[in-house]
Structure formats: C-alpha cells, structure tokens
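Structure first, then comments.
The values are calculated or read from the model by the stated rules, or taken from the named source; none is laboratory data. Here the structure is a predicted model, which means the values were calculated and not measured. Using ideal geometry, Cβ is built from the backbone for each residue, glycine included, and neighbour counts are taken over all protein chains shown. Remember, those area values only see protein heavy atoms, side chains included, never the ligands or the DNA or RNA. Shrake-Rupley method; radii C 1.70, N 1.55, O 1.52, S 1.80 Å.
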Amino acid sequence: MSKIKIAELFYSIQGEGRYMGVPSVFLRTFGCNFKCAGFGMPRGELSKEAEDLAEVAHMYTKYEDLPLVSTGCDSYASWHPDFKNLSPMLESSAIVNRIMEILPHKRWEDEHLVITGGEPLLGWQRAYPDLLDHASMSRLKEITFETNGTQKLTPEFKEFLTKWKITNHQLNREITFSVSAKLPCSGEKWEDAIKPEVVCEYEQVGTAYLKFVIATEQDFADAECAIAAYRSAGFKGHVYLMPVGGVESVYALNNKAVALMAMKHGLRYSDRLQVPLFKNEWGT
Ligand code: SF4
C-alpha cells in the first residue's frame with residue numbers, strides 16, 4: 001500500500017483557473033523544489049516571513065493555527081522542513097477514507113479532485129495510482145494537478161493517467177495540469193522555473209494551462225517572454241494572468257489591474273476566490 005505525506009486535505013471551492021467555483025477536494029502533498037520567497041517583495045529581495053516562522057515552528061501543532069504570510073509562498077508549511085511534523089505520512093486507504101468523510105454525499109458526484117502542494121509531481125507520482133484505483137474513487141471524473149511545471153511525468157505515471165482517463169468511458173474523465181510557472185518575481189531562477197518541454201508533455205496526457213502570478217508591468221513583460229518560449233516549444237493551452245496576493249490587502253491592490261491587463265492582451269484572468277471568500281486561511 002502506497003503512502004503520501006499529506007500537508008492538508010480539505011473540501012472547498014476551487015478559487016483559481018479553469019475550475020474556479022467548482023466544489024473540490026484539495027489534497028495538498030508535502031515537499032517542493034522551490035521556495036518562491038520573492039512574491040510580494042521589491043524585485044531582487046527575498047521574504048524572510050517563512051524563515052522567521054520556522055524558528056518558532058515548535059509552537060504550532062496544527063495547520064489551522066499557522067499564521068498567514070503577506071510575502072513569499074503562501075503555503076510555506078507544505079514544504080518547509082521545520083513544519084514537516086504537521087504533515088502525516090498516510091496510506092492511500094486512510095486518505096480515501098478521509099476524502100469520503102468530507103465529501104457532502106460521502107461519495108464522488110460532481111466534485112473535482114485537486115492534487116496540489118508544495119509540488120505534487122515531485123516525488124508522489126509513484127503513489128497516486130494506488131489512491132486513484134481505490135474502489136471508492138471509481139466515480140471520480142475530474143482531477144487537476146496544481147504544479148509549478150518543472151517535474152517530468154514518469155513513464156509509469158504517464159501510462160497510468162492515460163489509462164485512467166479512458167476507464168469508465170461513460171464518465172468522460174478529464175485530467176488537467178494547472179501550471180503556475182514561476183517568473184522572476186517569485187525569486188526563482190528562470191532556467192530552473194521555465195521548462196516548456198515538461199509542460200508540452202503534460203498536454204499529451206490531459207489539458208494543460210499556464211497561470212502567471214502578476215504584480216507589475218515588468219512581471220507581465222516576463223510572462224510574455226515565457227509565453228513565447230512555451231509556444232515555440234509547441235504549447236497549445238490557454239494562458240491566465242492571476243494577481244499576486246495571498247492576503248486580502250495585497251490581492252485587493254492588484255486584482256483589477258491584472259484583470260485589465262489580461263483583457264488588454266487577450267489573455268484569461270484568474271481570480272483567487274479563496275482570498276475574498278475565505279481570507280486564504282489554511283484549509284480553504
Ligand atoms: S512552487 Fe508553489 S508551493 Fe512551491 S514554493 Fe513556489 S508557490 Fe510555494
């Protein structure tokens with residue numbers, strides 16, 4: 001039986017991207033290859049909020065008590081090693097049991113599964129087949145992987161997903177890769193973060209789209225360069241612009257400007273509904 005280190009497992013409304021507004025189970029795995037300490041900071045500077053909180057990590061025993069941050073990665077506890085004790089390693093049957101408990105009708109109906117992180121394609125690809133093949137998951141129709149788009153699919157997982165999609169043909173199953181590619185405003189290096197060939201491979205398995213977090217005109221200029229790189233590699237999917245802002249005060253400064261920017265350039269706008277609706281608290 002496969003195990004996955006689970007940072008959070010909760011039921012909410014998808015606040016971003018293609019499935020915005022859809023009731024969804026969020027499975028947040030532990031671990032990420034990035035830190036994204038540049039979000040919300042002046043260009044070239046890195047946030048210390050996550051590191052400062054890590055120094056007092058021993059004070060927290062559950063995710064719901066963790067403070068929100070206004071700069072850097074808003075899911076810092078899902079990858080920072082000092083918070084790893086908050087994320088249990090669970091067998092897939094235990095994860096499925098918990099999912100059934102939180103689904104409103106105790107079975108899959110029209111809800112969608114979001115596998116997020118951290119970076120969910122980092123090391124857990126080998127464990128997902130056990131989870132998705134569980135009998136209680138057989139009515140699941142739609143999965144989204146919320147990824148930073150740097151992790152190749154293993155040949156085994158690619159084969160599994162391709163078969164999963166056509167099993168129970170009448171369900172019209174869909175697999176989506178919501179790729180939040182990291183621009184320089186994240187603090188990550190371009191050559192580490194922009195991997196067009198990886199994202200093009202996702203399109204062989206399901207629907208992939210790009211989602212860029214934007215705060216300034218410079219961020220948009222960076223997004224345009226990235227989009228050109230993805231397109232020249234053959235990427236065909238949609239592109240969304242999404243405002244920076246894990247807390248309402250930052251989000252409210254950016255959302256309208258980013259929506260207008262998206263309109264001006266004929267791109268899609270993604271909100272972050274979890275911020276105005278739920279203050280982006282842990283578990284939402
Ligand atoms: S890739 Fe996502 S989870 Fe990882 S550090 Fe960046 S924002 Fe956080």
| Could you say which residue among Glu45, Glu55, Glu49 is of a type in the set (D, E, K, R), under 11 Å from Cys73 (Cβ atoms) and open to solvent by 40 Å² or more (accessible area, probe 1.4 Å)? | Glu49
| said: If I go through region 1-10 residue by residue, how many of them are surrounded by fewer than 20 Cβ atoms within 10 Å (Cβ to Cβ) and either more than 15 Å from the chain's Cα centre (by Cα) or within 13 Å of the ligand (Cβ to nearest atom) (or both)? | reply: 4
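Residue check: is Ser78 within 14 Å of the ligand (Cβ to nearest atom) and buried (at least 20 other Cβ atoms within 10 Å of the Cβ)?
Against the criterion (within 14 Å of the ligand (Cβ to nearest atom) and buried (at least 20 other Cβ atoms within 10 Å of the Cβ)), Ser78 qualifies.
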| message | Among the listed residues Thr162, Thr154, Thr216, Thr167, identify the single one that is closer than 18 Å to Leu267 by Cβ and either surrounded by fewer than 17 Cβ atoms within 10 Å (Cβ to Cβ) or modelled with pLDDT under 95 (or both). | response | Thr216
| message | With the condition being farther than 30 Å from Leu241 by Cα and of a type in the set (Lys, Arg), I'd like the strands (runs of 3 or more DSSP E) fully within region 1-106 carrying at least 2 qualifying residues. | response | 3-13
| Given the structure, is Met59 over 21 Å from the mean Cα position of the chain (by Cα), without any contact (Cβ under 8 Å) to a residue 12 or more places away in the chain and away from the ligand (no atom under 16 Å from the Cβ)? | yes
| Does any residue of region 24-36 turn out to be farther than 19 Å from Ile143 by Cα, modelled with pLDDT of 95 or more and open to solvent by 80 Å² or more (accessible area, probe 1.4 Å)? | yes
| message | Quick test for you: out of Glu101, Glu91, Glu109, Glu146, pick the one residue that is closer than 30 Å to Asp192 by Cβ and not aliphatic (A, V, I, L, M). | response | Glu146
| task | Please verify whether region 177-188 includes one or more residues that are away from the ligand (no atom under 13 Å from the Cβ), open to solvent by less than 40 Å² (accessible area, probe 1.4 Å) and part of a strand (DSSP E or B). | result | yes
| remark: Checked pairs for region 28-52, first over 24 Å from Pro88 (Cα atoms), second open to solvent by 70 Å² or more (accessible area, probe 1.4 Å) and outside any loop (DSSP other than H, G, I, E, B), C-beta under 9 Å and 6 or more apart or across chains, list as Ala37/Glu51; Arg43/Gln218
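Of a type outside the set (Gly, Ala, Ser), open to solvent by 60 Å² or more (accessible area, probe 1.4 Å), closer than 20 Å to Phe278 by Cβ and more than 18 Å from the chain's Cα centre (by Cα), is that true of Pro104?
So Pro104 passes the test.
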